[in-house]
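To keep things clear, I will list the structure first and then write my remarks on it.
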Amino acid sequence: MNSLPIIDIAPLYSTDESAWPAVAEQIDRACREWGFFYITGHPISPTRIAELLAAARTFFAQPSAEKLKIDITQTAHHRGYGAIATEQLDPSKPSDLKETFDMGFHMPADHPEVLAGKPLRGSNRHPDMPGWTELMEQHYNDMQALANTLLRAMTLALDIERDFFDTRFHEPISVLRMIHYPPRHTASSPEQEGAGAHTDYGCITLLYQDDAGGLQVRSRDGQWIDAPPITGSFVVNIGDMLARWSNDRYTSTPHRVVSPLGVDRYSMPFFAEPHPDTEISCLPNCSDAANPPKYPSVTSAEYLLSRFADTYAYRREEQVV
């Protein structure tokens with residue numbers, strides 16, 4: 001086991017559902033053994049990816065003052081631009097050598113949940129770039145649909161209702177993120193990584209990565225394994241919420257990004273996270289007398305906010321205030 005599984009999910013888009021169980025079995029095995037796998041056969045086109053990469057390069061090449069017009073630290077709902085070293089995923093390492101753009105499920109200012117001051121609810125904050133908003137909002141919706149398809153397949157393996165996740169991902173707090181990793185020689189110290197070792201916070205993550213490389217996954221025996229780019233694929237991994245839901249039947253796997261030498265790296269992860277009021281508690285078929293529930297019940301928003309406080313200095317400062 002020195003490489004991640006590659007799963008063709010095209011059968012999940014067929015009207016013939018007889019092929020679904022075989023795909024679900026492959027996903028189940030990958031989630032148990034790795035917590036990571038590649039998917040091919042998805043509906044996101046190469047043209048879409050090229051458009052996104054071009055937009056990301058244009059946005060991140062702007063002067064800092066322009067990007068900071070949508071500074072993420074100036075919002076209550078965690079949307080916008082994150083400057084280099086504003087995240088620290090591994091507390092034993094320096095802050096990460098990357099800059100980011102985050103967006104979520106768009107809610108207008110007059111939406112009842114926004115008016116009620118619910119956490120992580122609000123409007124997206126897009127840069128003033130032609131075509132950006134329409135491209136990003138469409139891609140967000142398409143990635144949520146792809147995540148829902150994968151989760152629907154997982155219900156077969158978990159032996160739960162087919163619509164279990166569909167109903168819980170209504171108006172989700174999923175995040176689409178664009179990331180720029182500068183070349184390694186720009187690091188503040190040899191210890192500064194592109195993204196320090198961490199597990200993801202949500203349910204599942206779907207990652208597009210360019211051809212620069214640098215993603216590494218920790219195998220079950222503790223070895224760091226390269227997860228190189230594969231044309232036309234997404235890397236999928238389990239997040240902490242699904243680990244809690246499944247009582248660690250599926251575990252969230254540590255991973256990191258080692259910034260490449262001499263080139264810039266761009267990636268686009270989609271973090272699928274359910275409605276903020278969703279209760280994350282042990283699924284009925286994931287515990288028994290010999291394996292009782294390991295985690296207390298928590299809402300999606302509560303868990304996510306607790307992890308944000310560990311990662312972002314500005315979120316810790318808000319809690320202190």
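Can you give me the number of residues within the stretch 161-195 that are surrounded by fewer than 17 Cβ atoms within 10 Å (Cβ to Cβ) and assigned to a helix (DSSP H, G or I)? Going through the stretch 161-195 one residue at a time, the tally reaches 5. Applying the selection to the stretch 1-56, what residues are β-branched (V, I, T), in a helix (DSSP H, G or I) and either surrounded by 15 or more Cβ atoms within 10 Å (Cβ to Cβ) or in contact (Cβ under 8 Å) with a residue 40 or more places away in the chain (or both)? If the condition is that a residue be β-branched (V, I, T), in a helix (DSSP H, G or I) and either surrounded by 15 or more Cβ atoms within 10 Å (Cβ to Cβ) or in contact (Cβ under 8 Å) with a residue 40 or more places away in the chain (or both), then V23, I27, I49 are the ones that fit. Of all residues in the stretch 196-203, at least one satisfies being buried (at least 24 other Cβ atoms within 10 Å of the Cβ) and at pLDDT 95 or above. In this entry, F59 passes the filter for residues that are buried (at least 19 other Cβ atoms within 10 Å of the Cβ), in contact (Cβ under 8 Å) with a residue 40 or more places away in the chain and more than 30 Å from R249 (Cβ to Cβ).
Across the stretch 12-69, the qualifying residues are those that are of a type in the set (S, T, N, Q) and in contact with a strand residue (DSSP E or B) (Cβ under 6 Å, 6 or more places away or on another chain), and the one among them that is farthest from R125 (Cα to Cα) is Q26.
The values are calculated or read from the model by the stated rules, or taken from the named source; none is laboratory data. For clarity, every value in this text was computed on a predicted model and none was experimentally measured. Here Cβ is always computed from backbone atoms with ideal geometry, including for glycine, and neighbour counts include all displayed protein chains.
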